[in-house]
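Colleague: Take a look at this one; I'll ask things after.
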Amino acid sequence: MLSLRESLLEAQASDVEHGLQSLLRSCQEQAGLAKHMAENERKRNHHARAAELAERAREQQANVELIGRLLDSGNTATHPGQVAMGDGGQSEQAGQ
């Protein structure tokens, strides 16, 4: 049986994992939108704006990769002794 401290740490780890998954989806959406907008701006010969949007898409994609690595590692613990996140987020990611 888990102690109260362990239960709280597991709940906190779960909250962190769900927060990271939400952030991951948001960054994915932002990267896709910025890429799409950059393509549209290029077609309209607005190359400076297209370059800005393409850079934003690259930045968001880098965020996606970083957050994905955090989730894959299954270890978002920030303090020694914290409970790691079980399956590394695989259960919810598999359903996406």
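The values are calculated or read from the model by the stated rules, or taken from the named source; none is laboratory data. For clarity, every value in this text was computed on a predicted model and none was experimentally measured. With ideal geometry, Cβ positions are generated from the backbone for all residues, glycine too; neighbour counts draw on all protein chains shown.
Colleague: Please count how many residues of the range 1-25 are small (Gly, Ala, Ser) and within 29 Å of Gln60 (Cβ to Cβ). Give the derivation first.
Modeller: Within the range 1-25, the first condition is being small (Gly, Ala, Ser), and the residues that meet it are 3, 7, 11, 13-14, 19, 22.
Pick out the ones that are also within 29 Å of Gln60 (Cβ to Cβ) and you get 13-14, 19, 22.
Total meeting the criteria: 4.
Colleague: A further question on this structure: For the list (1) out of contact with any helix residue (DSSP H, G or I) (no Cβ under 9 Å at 6 or more places or on another chain); (2) at pLDDT 95 or above; (3) assigned to a helix (DSSP H, G or I), I need the number of the one condition that Arg5 fails.
Modeller: Failed condition: (2).
Colleague: Can you tell me which residues in the range 1-14 are surrounded by 12 or more Cβ atoms within 10 Å (Cβ to Cβ) and free of Cβ contacts under 8 Å to residues at least 12 places away in the same chain?
Modeller: Once the filter is applied, which keeps residues that are surrounded by 12 or more Cβ atoms within 10 Å (Cβ to Cβ) and free of Cβ contacts under 8 Å to residues at least 12 places away in the same chain, the range 1-14 yields Ser7, Leu8.
Colleague: Another question, if that's okay. Any residue in the range 36-58 that is farther than 20 Å from Arg25 by Cα sitting within a Cβ distance under 7 Å of a residue that is surrounded by 12 or more Cβ atoms within 10 Å (Cβ to Cβ) and of a type in the set (Asp, Glu)? List the pairs, counting only those 6 or more apart or interchain.
Modeller: Arg49/Glu41; Ala50/Glu41
Table: residues versus (1) surrounded by 13 or more Cβ atoms within 10 Å (Cβ to Cβ); (2) small (Gly, Ala, Ser); (3) part of a helix (DSSP H, G or I).
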| residue | (1), (2), (3) |
| --- | --- |
| Gly32 | yes, yes, yes |
| Arg49 | yes, no, yes |
| Glu55 | no, no, yes |
| Gln61 | yes, no, yes |
| Ile67 | yes, no, yes |
